[in-house]
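Read-outs: derived from the displayed coordinates by stated rules, not from any lab. Keep in mind that this is a model prediction, so the values were computed, not measured. Note: ideal-geometry Cβ built from the backbone for every residue, glycine included; neighbour counts use all protein chains shown.
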């Protein structure tokens, strides 16, 4: 049983467009929600993260929107670039250290 | 920069063989993790360790064991490899001082024939 449900599985966006990836969870004990970015041949790397006391966090072109009541959070990539083409994983953690990852979204940004 | 290295990028083994996957981190992190990554399933936690000689089962520990004899090294062992253990294996480390970030190695692509 997947603790964090991620969609879509794959996404194609034109350069300059907005990429949106969604995640949902059920466990209300989750208190930390990171997004990881993985390029081919590399391990995932932390991109941006949010805690449930805020509804939005922005870092450059990347924004997390968090809806605590709906138990959903999403990653928005503004002005998407071909260099953003990667696989993105959302995750959630109920305590120190243990993460539950989503199934991943393969993003392809076309030039 | 934190560096997490894994002993092999690609590995091919036969069913029934004992397989060792090694992971080394150079940042003196207390916590280390082994995940497997499969298409459509994301990353699933196999085992993790908070300290030397300590280990905790993750979500899919069956068929695996681990060893942590030194702080910087965390090994994943497949006692008798099976074809359903063909996967990408990722090691990660994290400081116990804050749980903001897990640092991942590049992964080992294991094929069991």
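General remarks:
- Antiparallel beta bridges, as assigned by DSSP with both residues in chain A, represent about 90 percent of the total such bridges.
- Here chain B carries DSSP beta bridges of which approximately 90% are antiparallel, counting only pairs with both residues inside.
- Rounded to the nearest 5, the antiparallel percentage of DSSP beta bridges internal to the protein assembly as shown is 90%.
- With contacts taken as Cα pairs under 8 Å at a separation of at least 6 residues, region B:47-100 carries a relative contact order of 24 percent.
- Note on region A:4-110: Cα-only Rg and Dmax are 13.0, 38 Å.
- Mean-position separation - Cα centroids, region A:24-83 and region B:10-50, in angstrom: 24
- What the Cβ-Cβ distance of residue A:78 and residue B:70 gives, at R0 = 41 Å and to the nearest 0.05, is a FRET efficiency of 0.40.
- Segment residue B:113-residue B:7, length gained on full extension (0.36 nm per residue, minus Cα span): 36.2 nm
- In chain B, the C-alpha radius of gyration followed by the widest Cα-Cα span (Dmax) gives 13.2, 41 angstrom.
- Every pair of different Cα atoms in the protein assembly as shown enters the Kirkwood calculation, which places the hydrodynamic radius at 18.0 Å.
- Relative contact order (percent, whole number), chain A, Cα cutoff 8 Å, 6+ residue spacing: 38
- A Förster distance of 35 Å, applied to the separation of the beta-carbon atoms of residue B:79 and residue A:95, puts the FRET efficiency at 0.75.
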